[in-house]
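Read through the structure below, which is laid out as structure tokens, and then see the notes.
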Amino acid sequence: MTQGNKMSGVVLMGHGGPEMLGWRDDLTMPEPGPQDVVIRVRAAAVNNTDVNTRIAWYSKGEAEADDASWSGKPLEFPRVQGADVCGEIVAVGQQVDPGRIGERVLVEPCIREAEGTLQDPPWYFGSECDGGFAQFTRVAARHAYRVESDLSDEELASFPCSYSTAENMLTRAAVRAGETVLVTGASGGVGSAAVQLARARGAKVIAITSPAKAEALRDLGAATTLGRDDDILAALGAASVDVVVDLVAGPNWPVLLDVLRSGGRYAVAGAIGGPMVELDVRTLYLKDLSFFGCTVLEPEVFGNLVGRIERGEIKPLVAETHPLRDIGKAQQNFGEKGHIGKIVLQIP
């Protein structure tokens, strides 16, 4: 509920488990800076970044977790998380066209401008600044993209983080029609988005997933599916893939380079199988491979993604919806990985 200048939402009080997330009815409603908009949040999805930030997964240090934010800076608490936001602009700053009030928007999660200044490295929505797990949020106007679509708020909220990450990986790796793309972790939010987006570019997609989810991935456009425990090299053969889109890493990582063709490209934006891998540098240079670490979105990525949504080239995958108050249950279900696509929170 809202009362005066107060609103309701969920705040992260510190690093740790779900117990660090607390419901509040006394949060101060944001006011727009000169170049900002205030958005009435209608739906916000759960993603790996929110969970990883909460548990300090990004930290390479010790218990202090003083580098545990997305950009490597200490996180400030309390923090309203939530990177995936669909909502409506309800207020604008002095330097923003008032005609934008009433626009239905998606928030670009990679924040290059915040608090009136350019951020280098960019911030992440819901990490270095408050995000969408509350009734209202604030963002620089340039990061609020108008979207014209018949999809529901929950369906639209499934797109921003996962799909922009996937589109950024494909953009950085310059995936073209006719190429073969191998996607690891293909049933997750980013992986299933990468399958759709690579297919939309005219690429042939090979998806690595669990057997139980193979048919669903084929329905999304994967030409072939492999199980997580399959012998990938035996199944595909050496030098058979143009691009690897990797979200897993882990102990089986070297085989991903074995299946790449000479001049192949490897793009990575996740390490759910384990961040430490073994690299034979000779494979890298003798095969003329290109590696792309993909975090900061290329400037054109989010606008291109919104265009694909509006043209119906990709479809939302909403596995579950929960009230915002049930964020703990939503994140628990997310961690169990029994779903395909996104888990979305409805904002009261």
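Using the Karplus relation 6.51 cos²θ - 1.76 cosθ + 1.60 with θ = phi - 60°, the per-residue 3J(HN,Hα) values for the range 36-41 come to 9, 10, 9, 10, 7, 6 Hz, with x marking Gly and Pro. In plain terms, the C-alpha convex hull of the range 208-250 casts an average shadow of 3.5 nm² when viewed from every direction.
Straight-line cross-link partners of LYS6 among the aspartates and glutamates, defined as a Cα under 16 Å from its Cα and at least 8 positions apart when in the same chain: ASP25, ASP26, GLU31, ASP130. Accessible surface for ASP280 stands near 70 Å², nearest 10, in the context of the full protein assembly shown (1.4 Å probe).
With each label modelled as a point 7 angstrom along the Cα→C-beta vector, the GLU336-ASN5 pair spans 4.3 nm.
The distance from the alpha carbon centre of the range 231-292 to that of the range 160-223 is 16 Å, rounded to a whole number. Using all pairs of distinct alpha-carbon atoms, the Kirkwood hydrodynamic radius of the range 69-169 works out to 14.1 angstrom.
Our analysis of the range 151-216 gives Rg over Rh at 0.98, with the two radii drawn from alpha carbon positions and Rh computed by the Kirkwood formula.
With the simple spin-label model, which puts each label point 7 Å out from Cα in the Cβ direction, the VAL255 to ASP120 separation comes to 4.3 nm.
Only aspartates and glutamates eight or more places from LYS204 in sequence, or on another chain, were considered; those with a Cα closer than 17 Å are GLU167, GLU179, GLU215, ASP219, ASP242, ASP246, GLU313.
Going 7 Å from the Cα of ASP25 in the Cα-to-Cβ direction, what parts of the range 329-348 have a backbone nitrogen less than 18 Å from that spot? Only 347-348 pass the distance filter.
One chain, two ends: ALA200 and ALA223. Fully extended at 0.36 nm per residue, the span grows by 7.0 nm beyond their Cα-Cα distance.
Per-residue ellipticity at 222 nm computed for the chain from its helices equals -6000 deg cm²/dmol, with DSSP H segments shorter than 4 residues left out and the rest contributing -39,500 (n - 2.57). Given their separation in residues at 0.36 nm each and the Cα-Cα distance between them, LEU233 and ARG325 gain 28.6 nm when the chain is fully extended. Projecting label points 7 angstrom from Cα along Cα→Cβ for ASP280 and ARG100 puts them 5.2 nm apart.
Reported value for the range 116-194: 158 Å³ per residue, from the convex hull of its C-alpha atoms.
Each listed q (0.14 Å⁻¹) maps to a log10 I(q)/I(0) for the range 202-338 from the Debye sum over equal C-alpha point scatterers, namely -0.86.
Residues ASP246, ASP231, sorted by accessible area with the largest first, give ASP231, ASP246 [1.4 Å probe; ligands and nucleic acids excluded].
Going through the cross-link list LYS73/LYS337; LYS73/LYS329; LYS315/LYS342, which pairs have a Cα-Cα distance over 18 Å in this structure?
LYS73/LYS337; LYS73/LYS329
Could you please state how large a percent of the accessible area of the range 215-281 is carbon and sulfur, counting protein chains only and using a 1.4 Å probe? Accessible surface attributable to carbon and sulfur in the range 215-281 totals 51 percent. Remark: accessible surface ordering of LEU226, LEU279 (largest first) is LEU279, LEU226, probe radius 1.4 Å.
Here the scattering of the range 272-333 is modelled by Debye summation over its C-alpha atoms, one equal scatterer each and no solvent; at q = 0.27 Å⁻¹ the log10 of I(q)/I(0) is -1.07.
The values are calculated or read from the model by the stated rules, or taken from the named source; none is laboratory data. Since the structure is predicted, the reported quantities are computational estimates derived from the model, not experimental observations. When we count neighbours, we look across all protein chains shown, and the Cβ atoms used for this are built from the backbone with ideal geometry, even at glycine. Side chains included, ligands, DNA and RNA excluded: accessible areas come from the protein's heavy atoms. Shrake-Rupley method; radii C 1.70, N 1.55, O 1.52, S 1.80 Å.
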